[in-house]
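Values quoted throughout were computed directly from the atomic coordinates according to the rules given, and no laboratory measurement underlies them. Source: prediction; values computed, not measured. In this analysis, Cβ positions are derived from the backbone assuming ideal geometry, glycine residues included, and neighbour counts consider all displayed protein chains.
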Amino acid sequence: MDNRIDNLFLCHYYEAKVGAFISLSDLPLDEANKILDRIRDEGVVFASKRSKEYMSIRRELEEKARKMFIEKGGKPRRLVPHYMTFGECSWFKDWYKECREIRIPLQNFDPEIVSFTYGDLFPTMRYQDGKPYRNQIYRLDEILELIDIYGYPQEWNKDGKLGPERYIEAQVWADEPVAKYIGLKG
């Protein structure tokens, strides 16, 4: 594997009082929607801007991403991923009232359980603007090649004025590499 991974890491951003790696995707759809309704009513954090259809769309996109990853030889152990970013993305710090960040070295992840999208899963799978990285799931070696070509969106598009890509998303399809952080608060 590319020796560049020695200095690379994945980040997870979360609300301090909620805890790390706590995801609406792990809940039954009706329960996830109730929580999202409450977040929308409070209107304080980034997630409050999400539509009523958000969770249904997210479930469809997660299923599609999982299938695409399996077709590329990935071996997911979860039905839904844990979400991280490839490298730091300071934009996330504005998403939460009390943002916390966890950095885990990329070498701690088995490439068979991590897929990547060049940008957030939603715009990557839904925008139809002809960019070659739309509607694509990448394995580690492939995303490294894409970074060589395009760079990191969190560097060239910090303010979002150049399109919806603001970071490279990592979908972690197993609990093991993040297990000691699940539920970590503060």
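Computed quantities for the displayed model
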item: Computed over region 100-145, Kirkwood Rh from alpha-carbon pairs, angstrom; result: 12.0 Å
item: Helix axis angle, 54-71 relative to the chain longest principal axis, alpha carbon, degrees; result: 20 degrees
item: Between region 138-173 and region 56-94, the Cα center-to-center distance that results, in Å; result: 14 Å
item: Rough spin-label spacing in nm, given labels placed 7 Å along Cα→Cβ, for W95 and K64; result: 1.9 nm
item: Hz values of 3J(HN,Hα) by residue in region 21-28 - Karplus curve (6.51, -1.76, 1.60), Gly and Pro given as x; result: 6, 9, 10, 4, 5, 7, 9, x
item: Residues D26 and I149, FRET efficiency given R0 of 35 Å [Cβ-Cβ distance, rounded to 0.05]; result: 0.55
item: Extension gain, W156 back to K185 (0.36 nm per residue minus Cα-Cα distance, nm); result: 7.3 nm
item: Hydrodynamic radius of region 86-175 per Kirkwood, over alpha carbon pairs, in Å; result: 13.9 Å
item: Cα-Cα separations in the chain greater than 21 Å, expressed as whole percent; result: 50 percent
item: Where GluC sites (Glu not before Pro) in DSSP loops with at most 14 other Cβ within 10 Å are excluded, longest remaining stretch of the chain; result: 99-186
item: All Cα pairs of region 65-130, percent lying beyond 15 Å; result: 63 percent
item: Cα-based convex hull, region 126-186, per residue volume (Å³, whole number); result: 142 Å³
